[in-house]
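**Student:** The structure's right below; bear with me while I get my questions together.
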Amino acid sequence: MCGIVGYLGFRRADQVIISALKRLEYRGYDSWGVAVKHGNGLELIKRVGAIGDVENYSLAEGNIGIGHTRWATHGKPSEINAHPHTDCNNKIAVVHNGIISNFQSLREDLKSRGHEFTSETDTEVIAHLIEEEYRGDLKEAMMKAVERLKGSYAIVVMHVDKEELVAVRYKSPLVIGIGDGECFIASDVPAVLDYTNRVIYLEDGDIVKMWNNGFIIWNNGKEVERKIDTIPWSIEDSEKGGYEHFMLKEIHETPRVIEDTLFEYLSEDIDIDVSFSAGISEIVFVACGTSYHASLIGRYLIEKLTGIPARVEFASEFIYNPPPISRTLVIAITQSGETADTLEAMRIAKKHGARVVAIVNVLGSTATRIADYILYTRAGPEISVAATKSFIAQLIVLYLLALKLSKLPGSEIEKLIEELRIMPEIVRRILEHEEKIEQIAEEIANFEDMMYIGRGIGVPIAMEGALKMKEISYIHAEAYPAGELKHGPFALLGKHTPVIALLIPDETYEIMLNNIKEVKARESLVVAVADEDDAEVEKYVDFVIRVPKTNSVFTAVTHSVALQLLAYYTARKRGCEIDKPRNLAKSVTVE
Ligand code: AGP
């Protein structure tokens with residue numbers, strides 16, 4: 001996720017901005033840049049990689065500037081693509097967080113009117129649009145430019161002729177930091193906390209003009225007042241947005257991640273180019289860990305919604321025993337795009353003549369260079385080792401892909417798409433009741449073994465739930481199809497082994513209830529995950545985690561978010577080091 005900083009005041013802008021950008025490093029970035037106004041010119045610095053020591057850099061003296069840490073979305077990580085971006089005359093500099101979805105048409109239009117572009121980014125169109133609209137009033141020009149943008153954005157702009165900054169927010173966060181004789185603007189609070197703890201969180205549609213000792217905010221053409229908050233957190237706390245751990249913060253980012261990922265591929269209709277699927281007779285997913293579980297759900301969706309036969313292979317096993325590949329589409333799923341096993345499986349698949357699609361979160365990662373086609377998830381950087389929001393983003397891409405390839409009647413597809421559109425709201429509702437999940441976590445936190453059971457789509461959800469539990473709480477958690485219990489795992493059940501049972505509102509429901517009764521007969525404590533309308537389940541279990549009712553295919557989202565929270569609160573109760581579990585790495589770059 002990109003980070004934005006703007007400064008006006010009495011200090012050297014370059015030093016303030018670079019140190020503030022360092023405070024945003026936790027968001028992840030691949031390149032960065034700063035622009036400072038000095039005299040009636042702009043001085044810029046842009047670099048790929050980490051910032052390092054602030055003292056290493058010195059721009060011209062100046063007290064107004066903007067800076068940016070970039071997490072590439074359009075255009076690879078490079079100095080040219082790093083922000084700030086400027087207009088044709090180097091008078092206007094812009095930093096931007098978000099995605100401008102109509103940038104291609106704007107770019108073509110601006111080019112046809114003589115604007116010269118230097119980068120591949122969506123952001124650069126903003127600088128040129130403001131240039132077109134500028135008649136001496138930067139705020140007016142920004143307003144007019146923004147009218148032409150589609151997408152999500154937090155933008156800060158400066159002009160060499162102005163002793164001011166202008167910023168606008170729409171679906172990407174921006175906060176004002178209020179100092180004494182100085183003003184800050186940033187995408188997150190840590191950037192300003194070294195200087196002030198008085199902040200204003202801007203709202204969607206807000207446009208702000210800032211001077212070193214004041215600012216005005218407008219919304220919908222009218223001047224508005226916004227509440228000033230005093231931040232009580234330390235810098236370290238604030239990097240986590242006030243959450244105790246990155247994992248919890250990232251789970252709470254899920255609604256926005258779903259919105260961003262839907263936004264990427266769903267405007268009026270599903271906007272995924274599936275030319276890669278022409279003539280294929282089967283799909284093979286390759287992945288590891290959580291991405292492997294997303295693949296299992298992907299297989300379920302593909303087979304259920306499209307009828308195309310699909311298989312899932314652990315990437316590490318595919319390497320030794322690649323299945324015969326003829327007219328096979330290989331879909332590699334990887335958050336990092338750097339998992340060695342997955343990369344090797346992709347290479348082998350290509351060697352055998354398969355077409356390879358990567359569903360990947362990190363732009364410019366190795367997987368994106370190997371794949372023939374790329375479908376990005378828009379989860380932003382994930383810092384906690386345990387994958388949470390990125391898993392849900394993978395599911396969203398898989399829903400869209402399966403629906404795009406689906407042979408279902410149009411009306412049914414429409415209905416599913418409509419439900420997909422409200423998934424951010426559905427997840428928000430789960431998050432609003434997380435204290436209930438926390439209470440249930442306290443009931444299970446002292447056990448050393450657990451069993452997760454489900455049927456149908458519930459099986460991979462159970463597997464992912466168990467993985468989350470074991471990796472962060474160190475509780476031994478196994479996942480089984482409920483029907484398999486009687487073939488062995490029953491021997492493990494009893495008072496010492498709680499069972500997490502997933503109820504899916506489909507043809508598996510009744511038999512799952514029977515399985516739960518069988519488990520209860522073995523005296524295990526049972527926690528069910530079920531929808532709000534399910535009045536039956538509570539008769540048979542000890543605790544129920546309630547989630548909003550959805551079409552059964554979307555339980556992969558609802559139940560998984562609930563299980564992520566259950567794992568999180570269980571690990572927290574056990575005092576585990578949640579964001580960096582022992583023996584694990586975020587990205588496994590060795591085979
Ligand atoms: C899950 O919480 C882990 N972080 C791990 O299983 C992870 O999903 C796996 O290592 C694959 O990583 P990738 O998605 O970056 O390829």
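The values are calculated or read from the model by the stated rules, or taken from the named source; none is laboratory data. As the structure is a computational prediction, the values presented were derived from the model and not from experiment. Counting neighbours? That spans all protein chains shown, and the Cβs are built from the backbone with ideal geometry, glycine included. The area values use the complete protein model at the heavy-atom level, side chains included, leaving out ligands, DNA and RNA. Shrake-Rupley method; radii C 1.70, N 1.55, O 1.52, S 1.80 Å.
**Student:** Looking at the range 316-336 only, could you name the residues that are away from the ligand (no atom under 13 Å from the Cβ) and open to solvent by 20 Å² or more (accessible area, probe 1.4 Å)?
**Tutor:** Scanning the range 316-336 gives Glu317, Ile319, Tyr320, Asn321, Pro322, Pro324, Ile325, Ser326, Arg327.
**Student:** Identify all residues within the range 349-362 that are open to solvent by 20 Å² or more (accessible area, probe 1.4 Å) and more than 9 Å from the ligand (Cβ to nearest atom); write none if there are none.
**Tutor:** Lys350, Lys351, His352, Gly353, Arg355
**Student:** Follow-up question, since we're still on this one. Can you run down the residue pairs with Cβ atoms below 8 Å, 6 or more apart or on separate chains, where the first is in the range 126-140 and within 14 Å of Cys88 (Cβ to Cβ) and in a helix (DSSP H, G or I) and the partner is open to solvent by 20 Å² or more (accessible area, probe 1.4 Å) and basic (Lys, Arg)?
**Tutor:** Leu129/Lys144; Leu129/Arg148; Glu131/Lys91; Glu132/Arg113; Glu133/Lys144
**Student:** OK, next. If I ask for residues that are in a loop (DSSP other than H, G, I, E, B) and open to solvent by 10 Å² or more (accessible area, probe 1.4 Å), which ones from the range 144-171 would you list?
**Tutor:** Listed by number, the residues that qualify are Arg148, Leu149, Lys150, Asp161, Lys162, Glu163, Glu164.
**Student:** I'd like the residue in the range 554-584 that is out of contact with any Leu (no Cβ under 9 Å at 6 or more places or on another chain) and open to solvent by 60 Å² or more (accessible area, probe 1.4 Å) and, out of all such residues, is nearest to the ligand (Cβ to nearest atom).
**Tutor:** Here the residue is Leu584.
**Student:** A further question follows. Return only the number of the condition from (1) among the polar types (S, T, N, Q); (2) within 25 Å of Pro581 (Cα to Cα); (3) open to solvent by less than 60 Å² (accessible area, probe 1.4 Å) that Gln439 does not satisfy.
**Tutor:** It is condition (3) that Gln439 fails.
**Student:** Here is a follow-up. For the structure I just gave you, tell me whether Val175 is at pLDDT below 95 and in contact with a Leu (Cβ under 8 Å, 6 or more places away or on another chain).
**Tutor:** Answer is yes for this residue.
**Student:** Do you know which of the residues in the range 236-260 that are within 16 Å of Tyr399 (Cβ to Cβ) and within 15 Å of the ligand (Cβ to nearest atom) is surrounded by the most Cβ atoms within 10 Å (Cβ to Cβ)?
**Tutor:** Of the residues in the range 236-260, the ones within 16 Å of Tyr399 (Cβ to Cβ) are 254-255, 257-260.
Then drop every residue that is not within 15 Å of the ligand (Cβ to nearest atom), which leaves 254, 257.
Values: Thr254: 27, Val257: 24.
Ranking the candidates gives Thr254 first.
**Student:** Can I ask one more? When the residues of the range 292-328 are narrowed to those that are of a type outside the set (Val, Ile, Thr) and in a strand (DSSP E or B), which ends up farthest from Val385 (Cα to Cα)? Lay out the reasoning, then the answer.
**Tutor:** First, pick out the residues of the range 292-328 that are of a type outside the set (Val, Ile, Thr): 292-296, 298-301, 303-305, 307, 309-311, 313-318, 320-324, 326-327.
Now restrict to residues that are in a strand (DSSP E or B): 310-311, 313-314.
Numbers: Ala310: 29, Arg311: 27, Glu313: 22, Phe314: 19 Å.
Applying the filter and picking the extreme gives Ala310.
Listed here are the residues, each with its yes/no results for (1) surrounded by 20 or more Cβ atoms within 10 Å (Cβ to Cβ); (2) of a type in the set (Val, Ile, Thr); (3) touching a Lys or Arg at 6+ places or on another chain (Cβ under 8 Å); (4) closer than 18 Å to Gly3 by Cβ.
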site	(1), (2), (3), (4)
Gly75	no, no, no, yes
Val94	yes, yes, no, yes
Phe117	no, no, yes, no
Asp122	yes, no, no, yes
Glu132	no, no, yes, no
Ala141	yes, no, yes, no
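**Student:** Please indicate, with yes or no, whether at least one residue in the range 43-57 is modelled with pLDDT of 90 or more, under 29 Å from the mean Cα position of the chain (by Cα) and not β-branched (Val, Ile, Thr).
**Tutor:** Yes.
**Student:** Looking only at the range 486-541, filter to residues that are open to solvent by 10 Å² or more (accessible area, probe 1.4 Å) and in contact with a Pro (Cβ under 7 Å, 6 or more places away or on another chain); which one of those is farthest from Ala556 (Cα to Cα)?
**Tutor:** Checked the range 486-541; the qualifying residue farthest from Ala556 (Cα to Cα) is Leu525.
**Student:** Hey, another quick one. Scan Asn197, Asn213, Asn219 and give me the residue that is touching a Ser or Thr at 6+ places or on another chain (Cβ under 6 Å) and either open to solvent by 10 Å² or more (accessible area, probe 1.4 Å) or outside the structural domain of Leu138 (by TED's automatic domain parsing) (or both).
**Tutor:** Only one candidate passes the filter, namely Asn197.
**Student:** I'd like the residue in the range 292-315 that is open to solvent by less than 40 Å² (accessible area, probe 1.4 Å), within 14 Å of the ligand (Cβ to nearest atom) and out of contact with any strand residue (DSSP E or B) (no Cβ under 7 Å at 6 or more places or on another chain) and, out of all such residues, is farthest from Ile472 (Cα to Cα).
**Tutor:** This residue is Ile297.
Residues checked against (1) out of contact with any strand residue (DSSP E or B) (no Cβ under 8 Å at 6 or more places or on another chain); (2) in a helix (DSSP H, G or I):
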site	(1), (2)
Ala349	no, yes
Ile359	no, no
Ile383	yes, no
Ala387	yes, no
Ala393	yes, yes
Val397	no, yes
Leu400	no, yes
Glu414	yes, yes
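**Student:** If you don't mind, another one. Which one is farthest from Gly465 (Cα to Cα), of the residues in the range 386-439 that are hydroxyl-bearing (Ser, Thr, Tyr) and within 16 Å of the ligand (Cβ to nearest atom)?
**Tutor:** The qualifying residue farthest from Gly465 (Cα to Cα) is Ser390.
**Student:** Which one is nearest to Leu563 (Cα to Cα), of the residues in the range 275-291 that are open to solvent by 30 Å² or more (accessible area, probe 1.4 Å) and either part of a strand (DSSP E or B) or more than 16 Å from the ligand (Cβ to nearest atom) (or both)?
**Tutor:** So, considering only residues that are open to solvent by 30 Å² or more (accessible area, probe 1.4 Å) and either part of a strand (DSSP E or B) or more than 16 Å from the ligand (Cβ to nearest atom) (or both), the one nearest to Leu563 (Cα to Cα) is Glu282.
**Student:** Hey, another quick one. Can you name every one of the strands (runs of 3 or more DSSP E) wholly within the range 499-591 that holds 2 or more residues which are over 20 Å from Met463 (Cα atoms), in the same structural domain as Ser316 (by TED's automatic domain parsing) and touching a residue at least 24 places away in the same chain (Cβ under 8 Å)? Lay out the reasoning, then the answer.
**Tutor:** Values: elements: 499-502, 526-531, 543-547.
It comes to none.
**Student:** What tally of residues in the range 4-20 results from selecting those that are surrounded by 24 or more Cβ atoms within 10 Å (Cβ to Cβ) and part of a helix (DSSP H, G or I)?
**Tutor:** Let us first name the residues in the range 4-20 that are surrounded by 24 or more Cβ atoms within 10 Å (Cβ to Cβ), namely 4-8, 13-14, 16-18, 20.
Narrowing further to those that are part of a helix (DSSP H, G or I): 13-14, 16-18, 20.
Final tally of qualifying residues: 6.
**Student:** Quick one: Ile370 ticks every box in (1) within 16 Å of the ligand (Cβ to nearest atom); (2) buried (at least 23 other Cβ atoms within 10 Å of the Cβ); (3) hydrophobic (A, V, I, L, M, F, W, C) except a single one, so which number is it?
**Tutor:** (2)
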